Amino acid sequence: MAKIRLGVNIDHVATVRNARGEDYPSPLRAALFSQKNGADSVTIHLREDRRHINESDLKEIISALRIPLNLEIAATKEMMKIALKTKPPFICIVPEKRQEITTEGGLNIKYNLKFLEENLPNLFKNNIEVSLFLDPEIDNINSSIELGVNAIEFHTGEIANASGPKEKALINKFEAVIEYAVAKNISVRAGHGLNYDKTKKIINFKNLEELNIGHFIIGESIFYGLSDVVKKMKKIIG
């Protein structure tokens, strides 16, 4: 079984910085620390309201990083322009609501279908690998295939918030969905709300390629330091 890649989302370093309007802590420094301590990629979400990462952060990080940058963006014309201008190696298209505290679920493909049909080809032409952030449902996989997308990041928020029999049922369903996706030649990633314990419960899925983890890593770093937390998470996922 191939090792699972670890993507470290550093958005909430920027959240702390923005709370006081200062120029610290530095998202760029967090990206470089993550790289140095075993992260396989760095993820940032450039939200429409710029509540954490901004364009300056994107420019600095993409210029300095030696590991891949995964840029999360909403399905909007503004974000597509930024993506085509900066050309990160990976783009993940995510749902976004201004009033939400954090991403609440996967992208609604049906609602965004026309936009995706019109704009995804431009990303493909520029050799940008595109993934969609989706709830783990068979219909979402089939719709992704129709759009020409060959990578999906499945939303693990439900698993992260569940316990007992419900958690077990969600994990079993998740594993089945992963196997269906892989059978359709879809690259499978996952993330949202994962901590050490939840990560341990899904890392043995045979065809899970990547986990993107942010809020927990940055939160734990307050107590143990970013370097140690990244190393520990990397060790857990193998």
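The values are calculated or read from the model by the stated rules, or taken from the named source; none is laboratory data. If you're wondering where the values come from, they're calculated on a predicted model, not measured in any experiment. Ideal geometry is used to build each Cβ from the backbone, glycine not excepted, and the neighbour counts take in all protein chains shown. Each accessible area value is taken on the protein alone, full model and side chains, heavy atoms only, with ligands, DNA and RNA left out. Shrake-Rupley method; radii C 1.70, N 1.55, O 1.52, S 1.80 Å.
In the stretch 157-173, how many residues are under 27 Å from F115 (Cβ atoms), open to solvent by less than 20 Å² (accessible area, probe 1.4 Å) and touching a helix residue (DSSP H, G or I) at 6+ places or on another chain (Cβ under 7 Å)?
Residues meeting the conditions: 0.
For every residue, the table says whether it meets (1) at pLDDT 95 or above; (2) over 15 Å from the mean Cα position of the chain (by Cα); (3) within 14 Å of I109 (Cβ to Cβ).
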{"site": "F133", "(1), (2), (3)": "yes, no, yes"}
{"site": "P136", "(1), (2), (3)": "yes, no, yes"}
{"site": "D139", "(1), (2), (3)": "yes, yes, yes"}
{"site": "E153", "(1), (2), (3)": "yes, no, yes"}
{"site": "V182", "(1), (2), (3)": "yes, yes, no"}
{"site": "G191", "(1), (2), (3)": "yes, no, no"}
{"site": "L194", "(1), (2), (3)": "yes, no, no"}
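Results for (1) surrounded by fewer than 22 Cβ atoms within 10 Å (Cβ to Cβ); (2) under 27 Å from I91 (Cβ atoms), shown as yes or no for each residue.
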residue	(1), (2)
N150	yes, yes
H155	no, yes
N212	no, yes
I218	no, yes
L226	no, yes
K235	yes, no
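Is there any pair linking a residue in the stretch 159-187 that is of a type outside the set (F, W, Y) to one that is loosely packed, with under 14 Cβ neighbours inside 10 Å, with Cβ under 7 Å and at least six apart or on different chains, and which?
Correct list of pairs: V177/I138.
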